[in-house]
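Input: a single structure, listed below in structure tokens.
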Amino acid sequence: RGVDPGVARSSVDVGRVSGVTVTPERLHVRMTMTSAACPVIDVILDDVDTELEAVAPAGMAIDMELVWDPPWTTDRMSAGAKVFMGW
């Protein structure tokens, strides 16, 4: 789930998740932030990691990668997040 503390929406709804790869041994998640200047990057990544650990099978490695390409845009937001934000 990983809720963005600034907008009270999940990282998926905000459009932060740019890719997920799952193998029997590893869960790899690529995420981007809305801005490189985001003051809560560590909080968001830690929250998402905690949520993934809660649902991943025991022993599965979780690998989170912070990426800037593709860049985040409002087009990445879910319809519900856009309505919530008034867009």
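The values are calculated or read from the model by the stated rules, or taken from the named source; none is laboratory data. Keep in mind it's a predicted model, so treat the numbers as computed, not measured. Note: ideal-geometry Cβ built from the backbone for every residue, glycine included; neighbour counts use all protein chains shown. Side chains included, ligands, DNA and RNA excluded: accessible areas come from the protein's heavy atoms. Shrake-Rupley method; radii C 1.70, N 1.55, O 1.52, S 1.80 Å.
Computed with a 1.4 Å probe over protein heavy atoms only, the accessible surface of the chain comes to 60 Å² per residue. Charge tally around ARG30: other residues with Cβ under 15 Å, Lys/Arg +1 each, Asp/Glu -1 each, net -1.
Where in the range 58-87 does the label zone of VAL43 land, with the point 7 angstrom along Cα→C-beta and an amide N cut-off under 17 Å? Taking a point 7 Å out along Cα→Cβ of VAL43, no residue of the range 58-87 has its backbone N under 17 Å.
Close amide H pairs (under 5 Å, H built 1.01 Å from N) link LEU27 with ALA61, ILE62, ASP63, residues at least 5 positions away or on another chain. What the Cβ-Cβ distance of THR23 and ASP69 gives, at R0 = 30 Å and to the nearest 0.05, is a FRET efficiency of 0.85. Label-to-label distance, LYS82 versus ILE62, with points set 7 angstrom from Cα along the beta-carbon direction: 3.0 nm. The candidate values were (1) 93; (2) 84; (3) 139; the one computed from these coordinates for volume of the Cα convex hull per residue in Å³ carries the label (1). For the range 29-78, the equivalent ellipsoid derived from the alpha-carbon gyration tensor has semi-axes of 23, 12, 10 Å in decreasing order.
Between GLU53 and ALA36, the contour length at 0.36 nm per residue exceeds the alpha carbon distance by 3.6 nm.
Give the carbon-plus-sulfur fraction of the accessible surface of the chain in %, rounded to a whole number; probe 1.4 Å, heavy atoms of protein chains only. Carbon and sulfur: 57 percent of the exposed surface of the chain. Taking every DSSP beta bridge that has both ends in the chain, the antiparallel portion is near 55%.
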